[in-house]
Amino acid sequence: MRTLQDFNFKNKKALIRVDFNVPLDEKFNVTDATRIEAAKPTIDKILADGGSVILMSHLGRPKGVEEKYSLKHILNTASEVLGVPVKFAEDCIGAVAKNAAENLKPGEVLLLENLRFYKEEEVGDVPFAKELASLGDVYVNDAFGTAHRAHASTTIIAQFFPNDKCFGTLLAKEIESLNRVLKNSEKPVTAVLGGSKVSSKITVIENILDKVDHMIIGGGMTFTFVKALGGTIGDSICEDDKQELALEILRLAKEKGVQIHIPVDVVAANAFSNDAQTQIVDVTKIPDGWQGLDAGPKSLENFKKVILESKTILWNGPLGVFEMPTFANGTIELGNYIAEATEKGAFSLVGGGDSVSAVKQFGLEDKMSYVSTGGGAMLEMLEGRVLPGIVAILE
Ligand code: AMP
């Protein structure tokens, strides 16, 4: 795997695809600079070598040129975070970009205007990618969040740098973390899969059954399994057409020697509301008019035991409707168990969408070994897919 460390950037212009798709408030202030901070190690290394940096990113989903999606809004924050005044090119290709790139001196950083002002970006247009490529000497991909897209700046561009391309620090870390869970993992390996639907997680489940010793299944998915096994689930969320699939997963798990852990009790509510009445019930005996919205205490006790014995833990998806405080306990507790296991030496990776927001919301981010920055990209990797942005660098 070619990384930044294999290059010396002295007097080189590094063209870096970053993910600066940051949230802005109505006055165009950056409300969360995490993604800019995440790219800093890569940028620092290049500047320290005596190189210069050209940053390319998208922001939002503009339809053509839309001023509200201009990357100029993030210039101040980027300059602050990176500790250098970031220059700006009001176009990502053409004479404006070319001049700005040509005039860039070692130690300087240039940010190009939103790539998605051109439809060619998402289409993966080759001439557009070639124009971008002409701006730099080395191509660095550090945008994990878009690595699953074959866009001009994430994938197509790499062909114009047959020998001068590499992963940035962030992207390399994402790949390494996932490999540490799915390839070179220390046993026992436990995957916790939560979230709402079996249908959205099925490919992940199937792919990782070969790689784990334990699988904890929680969240809304629980009830499709419980119903398929003959339980009564009241008004809980359920995908009736996935019951066969649930039984097939259980059969496969048995065949492969994977222990599946499903909640035995749940916090049931008489409405999908934070103010609903609640009671703890057996997961197989949920009364009509009630729905399971979080894991119950006995379930958490079981999960705790499994987690604390694990040496490698993957967590994707909340155990309950954590957005409502009444049903957040299971997700918070699970996070605490994983934090405790991590402190005792386990490797923990949190990735793929909602569990990442849960971990951040509950202040557990620093207690996990690694929290992934790319929701969709991480899910696709967990599904066993090869991401085009990664392949393009490896080729
Ligand atoms: P996903 O995007 O598939 O990871 O699902 C995340 C969503 O699942 C979150 O918004 C949770 O509120 C929701 N969720 C978790 N547990 C349940 C449940 N028991 N019933 C309904 N929704 C749930």
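For Met215, Met1, give me the order by solvent-accessible area with a 1.4 Å probe, most accessible first, ignoring ligands, DNA and RNA.
Values: Met215 0, Met1 110 Å².
Largest to smallest exposure gives the sequence Met1, Met215.
Any chance you could run the full-extension gain for Asn11 through Asp137? It's 0.36 nm times the residue separation minus the Cα-Cα distance, nm to one decimal. Walk me through the intermediate numbers first.
Values: separation 126, 0.36 × 126 = 45.36 nm, distance 0.96 nm.
Roughly 44.4 nm would be gained on extension.
With an 8 Å cut-off on Cα pairs and a minimum separation of 6 or more residues, tell me the relative contact order of the chain in percent. Walk me through the intermediate numbers first.
On the way: 870 pairs, mean separation 58.8, N = 395.
That works out to 15 percent.
Across the alpha-carbon set of segment 4-167, the Rg to Rh ratio works out to 0.92, Rh being the Kirkwood radius. With a Förster radius of 45 Å applied to the beta-carbon distance between Lys285 and Asn76, the computed FRET efficiency rounds to 0.20.
Expressed as a whole percent, the accessible surface of segment 175-382 that belongs to carbon and sulfur atoms is 47, based on a 1.4 Å probe.
Which part of segment 50-73 falls in the paramagnetic zone of Asn29, meaning amide N under 11 Å from the point 7 Å along Cα-to-beta-carbon? None, by backbone N distance to the label point.
With all protein chains present, how much of the accessible area of segment 4-167 (probe radius 1.4 Å) comes from carbon and sulfur, to the nearest whole percent?
Within segment 4-167, the accessible surface is 48 percent carbon and sulfur.
Using 0.36 nm times the number of residues separating Ser200 and Asp241, minus their current alpha carbon distance, what extension gain do you get? Please report the intermediate quantities before stating the final value.
Details: separation 41, 0.36 × 41 = 14.76 nm, distance 1.33 nm.
Answer, rounded to one decimal: 13.4 nm.
I'd like the FRET efficiency for Asp44 and Asp91, computed as 1/(1 + (r/R0)^6) with the beta carbon distance as r and R0 of 41 Å, rounded to 0.05.
FRET efficiency, Asp44 to Asp91: 0.95.
In the context of the full set of protein chains, residues of the chain present 42 Å² of accessible surface per residue (probe radius 1.4 Å, heavy atoms only). Across q = 0.09, 0.10, 0.15 Å⁻¹, the chain modelled as identical point scatterers on its alpha-carbon atoms has Debye log10 I(q)/I(0) values of -0.59, -0.71, -1.21, in the order of the q list.
The length gained by stretching the chain between Val123 and Glu301 to full extension, at 0.36 nm per residue less their Cα-Cα distance, is 59.2 nm. Positive-end ranking of Ala358, Phe347, Ile332 along the dipole of segment 276-386, with charges on Cβ about the Cα centre, is headed by Phe347. When the chain is described by a simple charge dipole with +1 on each Lys and Arg Cβ and -1 on each Asp and Glu Cβ, the residue from Gly257, Phe9, Ala271 located farthest towards its positive end is Phe9.
The values are calculated or read from the model by the stated rules, or taken from the named source; none is laboratory data. Just so you know, these numbers come straight off a predicted model, no measurement behind them. Don't worry about glycine lacking a Cβ; one is built from the backbone with ideal geometry, like all the others, and counts go over all protein chains shown. In case anyone asks, the SASA skips ligands and DNA or RNA and just uses the protein heavy atoms, side chains included. Shrake-Rupley method; radii C 1.70, N 1.55, O 1.52, S 1.80 Å.
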